[in-house]
Amino acid sequence: MKITEKPVAFYPEFVRKSGPHKETTHYCPGCGHGNIHKMIAEAMVDLGINERTVFISPVGCSVFGYYYFDCGHMQAAHGRAPAVATGIKRANPEAIVISYQGDGDLAAIGTAETLHAANRGENITVFFVNNAIYGMTGGQMAPTTMIGQKTATTPRGRIESVHGNPIRVAEIIATLPAATYVERVAIGDSKHIMKARKAIRKALTNQVENRGYSFVEILSTCPTGWKMDGPDARDWLVEEMTKVFPLGVFKDESDHREGAWHRQVEPFDPAKRDAYLGAGEAEAKAEKLPLPAELHCKFAGFGGQGILTLGLFLAQVGMRAGLHASWIPSYGPEMRGGTANCSVNLSERRIGSPLVDKPNLLVVMNQPSLEAFAGDVVQGGTIIVDTSIVEKCPEYPGRRVVRIPATGIADEVGTPKVANVVLLGAICAATGAFPQAFVEQSLRETVKKKDLVDLNLAALRRGYEHVGDAG
Amino acid sequence: MNDSVQATAPFIEIDAELCKGCKLCIGVCPKGVIDISEKLNGSSYHPAYYLGRDCTGCALCFYACPEPAAIKVVKP
Ligand SMILES: Cc1ncc(C[n+]2csc(CCOP(=O)(O)OP(=O)(O)O)c2C)c(N)n1
Ligand code: SF4
Ligand code: SF4
Ligand code: SF4
Ligand SMILES: [Mg+2]
């Protein structure tokens, strides 16, 4: 019995994808990216490489590649995927590195990176998804837009004398001596699709066998940008695009390059990097304080309340205690509403991702933040609420809620600006993470203006006392 | 599939909730055995469905479908 179904190189559920639908993609109906993803995932399984693949997502509609493939990921700045791929491949030659890029990414802003990575013959695989438009930004002209094709920026169609001609990237790459394999395929009709599937496998197999740089241009569809339905878009691809972008193999030296493509570069040595950055020294100098439990924190409030600085304070205390620490502010949609949040991890082990989706400590300084994040807090976690500002704070079953009028206390101490320091005291008391004297010393060393040290210390102590008294 | 009833003919399964109604599977099926439903699914798409006969298990619909998990092809 043969079953053809979702390849296991896709995550069972796309948990990183926002919104309620975790098993479908974020792509529009009929979009070619989905077909190409599927064929890449299938090839990863069949070649047994997903455990060592690093998929580099571009800027474009496929920016969220990391939602889908169960492999390593890096999301590159616009057009820079081949440069990022070069770094990853050279640092870790065992990795199978995929640079997945659209036409805007690869052939406009990233033209230089594209040509130079090919010209160096990097042992990577590039999948170039040519849909003749900038899909993500609303259908503007791309370097590969066809003559006469209407886009948001060529409302009367692309005109040769004004906008130049569509660029045939595969043909250009094929002129570079270092490139190993260059083919253009399409996802038009079934014959095309099955050929594309073969080319994708070959381009990955080449990398597994160290045969050097492989480039597969895949003519794809953007039904939304083209203002067509799925089937019409496939027809237009077959009838029109293939005239300007002929399909076929433009170069294939695969058979002559077996094993010959191991680079003569010094292998990457993490110890050398750490020595260079002085990272090892800092670790050695810090006193080591054990942490009762790993902290995965989310701090949220209005911009200007010092919520991001609170996160930084805690991360710095953690670093002084010899812990691994991460701090990352969020500029998600909630930023636009004038609110801010940051994530902090403190651990005795290395931290894999700085993101915190399921905090065990949440500190909120406004009502919308409580409502947005309280549901994410894990069972047994702690929620600290500034009740000077948050009016409604219900109970959350299985979670400890610490109520503290932090802004009011700070005002009593001298200024509402130190509300975040009151909260720092509350955090340390509630989690038992650090001895009070240690946090006080850290604060003394961190606060830049020395005349403000006493104010900050007073705020910190009031935070500690409040939680100590309450619990 | 029920364990006791072993299917002998190839067939496909379309998960109506994971289908975006793009009709690409319909266009490629050499046997013409996929159609689009009158009903809407939870995401407001008219999903594709299998007519329940004559599938050859060629899997062309699977590769034409952009969604990872909408179509499953079984060839006994
Ligand atoms: C530095 C920078 N410049 C411009 C943009 C805006 N931008 C986002 S995606 C994109 C082009 C996407 O087109 P393409 O690479 O063809 O991908 P598609 O969405 O069509 O798959 C542009 C110009 C950006 N995000 N960053
Ligand atoms: S805008 Fe175009 S490329 Fe982007 S998801 Fe929609 S159809 Fe695909
Ligand atoms: S497997 Fe082939 S015959 Fe069966 S429904 Fe899909 S395309 Fe049609
Ligand atoms: S190709 Fe996939 S998403 Fe499109 S209609 Fe068919 S099953 Fe649904
Ligand atoms: Mg594009």
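The values are calculated or read from the model by the stated rules, or taken from the named source; none is laboratory data. Note that the structure is predicted; figures quoted are calculated from it, not measured. Backbone-built Cβ (ideal geometry, glycine too); neighbour counts: all protein chains shown. Each accessible area value is taken on the protein alone, full model and side chains, heavy atoms only, with ligands, DNA and RNA left out. Shrake-Rupley method; radii C 1.70, N 1.55, O 1.52, S 1.80 Å.
A:THR144 fails exactly one of the following numbered conditions: (1) touching a residue at least 60 places away in the same chain (Cβ under 8 Å); (2) within 16 Å of ligand 4 (Cβ to nearest atom). What is the number of that condition? The one condition A:THR144 does not meet is (2).
Would you call B:VAL74 of a type in the set (Val, Ile, Thr), surrounded by fewer than 21 Cβ atoms within 10 Å (Cβ to Cβ), at pLDDT 95 or above and touching a strand residue (DSSP E or B) at 6+ places or on another chain (Cβ under 6 Å)? Considered against the rule, which asks whether it is of a type in the set (Val, Ile, Thr), surrounded by fewer than 21 Cβ atoms within 10 Å (Cβ to Cβ), at pLDDT 95 or above and touching a strand residue (DSSP E or B) at 6+ places or on another chain (Cβ under 6 Å), B:VAL74 comes out as yes.
Would it be correct to say that A:GLN316 is within 20 Å of A:VAL401 (Cβ to Cβ), polar (S, T, N, Q) and surrounded by 13 or more Cβ atoms within 10 Å (Cβ to Cβ)? No.
Matching residues to (1) modelled with pLDDT under 95; (2) among the hydroxyl-bearing types (Ser, Thr, Tyr); (3) within 16 Å of ligand 5 (Cβ to nearest atom):
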{"site": "A:THR145", "(1), (2), (3)": "no, yes, yes"}
{"site": "A:ALA186", "(1), (2), (3)": "no, no, yes"}
{"site": "A:SER214", "(1), (2), (3)": "no, yes, no"}
{"site": "A:ILE218", "(1), (2), (3)": "no, no, yes"}
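Looking only at the stretch B:52-76, residues that are under 17 Å from B:LEU24 (Cβ atoms) and either more than 16 Å from ligand 2 (Cβ to nearest atom) or aliphatic (A, V, I, L, M) (or both) come to 13 in all. Yes or no: the stretch B:28-51 includes at least one residue that is on the phi > 0 side of the Ramachandran plot and open to solvent by less than 40 Å² (accessible area, probe 1.4 Å). No: zero hits. Within 36 Å of the chain's Cα centre (by Cα) and at pLDDT 95 or above, is that true of A:VAL402? Yes; evaluated as a whole, the condition is true for this residue.
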